[in-house]
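Encoded as structure tokens, the structure appears first; notes follow it.
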Number of protein chains: 2
Amino acid sequence: MTGSVLLPVQTASRDDAVLQALVDFVTGEALNPGDRLPTERLLAEHLKVSRTTVREALTRWQELGLVERRQGSGTYLKAVVTRNMLHMPLTLPSGNDFNSLMHTLEIRRGLEAEAAVLCAERANDADLALIEHKLIVMEEAFHVRHGMSADEDWDFHLAVFRTSGNPLFEQIIAAMYEMFHRFWEHPLGVRDFGHASFPYHRTLFNAIAARDPVAARAEALKLIATVEDDLRRGAANLKKQNKSRAAE
Amino acid sequence: MTGSVLLPVQTASRDDAVLQALVDFVTGEALNPGDRLPTERLLAEHLKVSRTTVREALTRWQELGLVERRQGSGTYLKAVVTRNMLHMPLTLPSGNDFNSLMHTLEIRRGLEAEAAVLCAERANDADLALIEHKLIVMEEAFHVRHGMSADEDWDFHLAVFRTSGNPLFEQIIAAMYEMFHRFWEHPLGVRDFGHASFPYHRTLFNAIAARDPVAARAEALKLIATVEDDLRRGAANLKKQNKSRAAE
DNA sequence: TGCCTCAATTGGTTGGACCATTGGGCCAAT
DNA sequence: ATTGGCCCAATGGTCCAACCAATTGAGGCA
């Protein structure tokens, strides 16, 4: 009896190999997003596999958003393809209810706080200048429009994430933003959505500028908390509306 | 000229329709994760489409992690399927270097702490019993093998994430784990990798069982910290090896 | 020049065949 | 009664050859 463990044998399926070969081809030819891939028939011939197998592989890339297929035209690259890509399929069951929206905020709560910490630890003077600039732009937009401006707000947060030195923050939180806003075209009766978060942008910046990770985390959490409050108010509004509508 | 709007012709490709029909079937039959779906041949016959089309649809579900196929056995549901699911597959480039791995740990630091908090707040007695069971299984495996066992370890954390009530934790952290495991297969000189994290599994459970969110966060952070230490040690080992090899 | 037509190209679908793996049932040996 | 080997039906994986449907561009025509 040895302490060793029996590992299952490697059985990489065929279309995995096709995908790998495709990665090699795309990187080898230095293809960029927008470029056209070879015909399915050509790929099948060159890779010595059937067209069916090529199609299964391409279907998987399509589902990941790496590629777009246009009947009669061809298959086009939609994103940069590299070896060692990290696939993260996210799916929310019934993504338009209050709970699902709140779930995206719970992720943001964890990640934005962590990003703020890293940002405060790692920001150099140039980073700070950029973040402050984004902050000022956002504040000006706020005063002009008497309300939060989604783009300028996002730009500010983006600068924070990038300064954290970890590209995953930007990618994942961007996905959360998009999930959130896909069902938030017009706020659920909350006219000044996001209004309450405004002052915490500056306090967050101050904490970062002071290189105070603990304070930065605290301010980031306060900021998210205001968004969660807004969401709860919106849900309450919606409930009221439904009730009065049902009473008719 | 009427005021009506010209909607694009029903362009939902065939396998989109198949997917929709599958959703109806799964919800109608009240299938749960782990249950087996009908044969591809049966589905093709009932839906009046070719088996190829059914396969393309199932391939997409597989890529989203909704379903798992086992040759010779069948196709099994892996997650809850509902109408109005919101999919957002996220794929990002990343390498197998030290920095990339550390980035995944920074994400885990933020998310596992948050998940532990939510878990401590929301766990009921049944949840606690399940988590404790996974913990015991993991501890037994540890004593038998004199080291951490990846599967049992993951099962424990999975139970925590699921109890948090937010499916996004599991999905995001699963991707982080996968990236880590890709690297783990080439052991980097650290024979007892993960060893130090062992005791914190029980302390984490104790905090959750005591419904103490603050303590749960603290224990989760300690656990991740040990993994970060292991990774740093591994990176140092690797560096040393390279240096001595270069000196030959 | 500008428009139309048509044929080649390309992804989408089909039916049918065969391969590889799985899992259960059966049976002989222990 | 249990173990191990064997077979076989069911199931996902791959392949082929043909046809359908959308797109594109070249060539013809007014």
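What the table below lists for this structure:
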read-out: Carbon plus sulfur fraction of accessible area for segment A:98-240, probe 1.4 Å, in percent; value: 54 percent
read-out: 0 to 90° range, to nearest 10: angle between helix B:167-184 axis and chain B longest Cα axis; value: 60 degrees
read-out: Restricting segment B:28-128 to GluC sites (Glu not before Pro) in coil, as DSSP defines it, with at most 13 other Cβ within 10 Å; value: B:E29
read-out: Estimated vicinal HN-Hα couplings, Hz - segment A:161-166 in sequence order (Karplus 6.51, -1.76, 1.60; Gly, Pro = x); value: 4, 5, 5, 5, x, 10
read-out: Helix A:213-247 vs. chain A, principal-axis angle (Cα, 0 to 90°, nearest 10); value: 90 degrees
read-out: Interchain or long-range residues, amide H under 5 Å from B:L86's placed H; value: A:L92, A:S94, A:G95
read-out: Charge dipole (the protein assembly as shown, unit charges on Cβ, about Cα centre) - positive-most of A:L238, B:L204, B:V81; value: B:V81
read-out: Average other protein chain Cβ within 10 Å of Cβ, residues A:161-172; value: 4
read-out: Whole-number D in µm²/s for segment B:14-77 (Stokes-Einstein; Kirkwood sum over Cα pairs; 10 °C, 1.306 mPa s); value: 136 µm²/s
read-out: Of B:T91, B:L66, B:A30, farthest towards positive along the dipole that unit charges on Lys, Arg, Asp, Glu beta carbons give segment B:11-101; value: B:A30
read-out: Sorted peptide list for B:71-80, A:14-23, A:212-221, criterion being average Cβ within 10 angstrom, highest first; value: A:212-221, A:14-23, B:71-80
read-out: Zero-based 20 Å bins, Cα pair distances in the protein assembly as shown, whole percents; value: 19, 52, 28, 1, 0
read-out: Max mean-square fluctuation residue, GNM over chain A, Cα-Cα springs under 10 Å, options A:R211, A:R232, A:R69; value: A:R69
read-out: Computed over segment B:130-181, the ratio Rg/Rh where both radii use C-alpha atoms and Rh is Kirkwood; value: 1.02
read-out: Value of Rg to Rh for segment A:89-130 (Rh from inverse mean 1/r over Cα pairs, i.e. Kirkwood); value: 1.23
read-out: Global geometry of segment B:122-212, whether rounded, prolate or oblate, following the gyration tensor of its Cα atoms and the 1.5 cut on a/c; value: oblate
read-out: 10 Å Cβ neighbours from other chains, averaged over peptide B:94-102; value: 3
read-out: Acute angle (nearest 10 degrees) that the helix B:98-122 long axis makes with the longest principal axis of chain B, alpha-carbon atoms; value: 80 degrees
read-out: All aspartates and glutamates inside 19 Å of A:K48 as judged from Cα atoms, apart from same-chain residues fewer than 8 positions distant; value: A:D15, A:D16, A:D24, A:E40, A:E56
read-out: Charge dipole (debye, nearest 20) of the protein assembly as shown; +1 at Cβ of Lys and Arg, -1 at Cβ of Asp and Glu; value: 840 debye
read-out: Number of partner chain Cβ atoms within 10 Å, mean per residue of B:51-63; value: 3
read-out: Only Lys, Arg (+1) and Asp, Glu (-1) charged, at Cβ; segment B:14-77 dipole about Cα centre in debye; value: 240 debye
read-out: In Hz, Karplus ³J(HN,Hα) per residue of segment B:206-212 (6.51, -1.76, 1.60; θ = phi - 60°; x = Gly, Pro); value: 4, 5, 5, 4, 7, 6, 10
read-out: Dipole magnitude of chain A about its Cα centre (Cβ charges: Lys, Arg +1; Asp, Glu -1), debye to nearest 20; value: 800 debye
read-out: Selection from B:V49, B:L111, B:N166 lying farthest towards where the dipole of the protein assembly as shown points positive, charges on Cβ; value: B:V49
read-out: Solvent-accessible area buried by pairing B with A, both sides, nearest 100 square angstrom, 1.4 angstrom probe; value: 4700 Å²
read-out: Karplus-derived HN-Hα couplings along segment B:143-149 (A = 6.51, B = -1.76, C = 1.60, θ = phi - 60°), whole Hz, x at Gly and Pro; value: 6, 5, 9, 6, x, 5, 10
read-out: Normalised per residue, the volume of the convex hull around the Cα set of chain B (Å³); value: 221 Å³
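The values are calculated or read from the model by the stated rules, or taken from the named source; none is laboratory data. Since this is a predicted model, take the numbers as computed values, not measurements. Cβ coordinates were reconstructed from backbone atoms using ideal geometry, including for glycine residues, and neighbour counts include every protein chain displayed. For accessibility, only protein heavy atoms count, side chains too; no ligands or nucleic acids. Shrake-Rupley method; radii C 1.70, N 1.55, O 1.52, S 1.80 Å.
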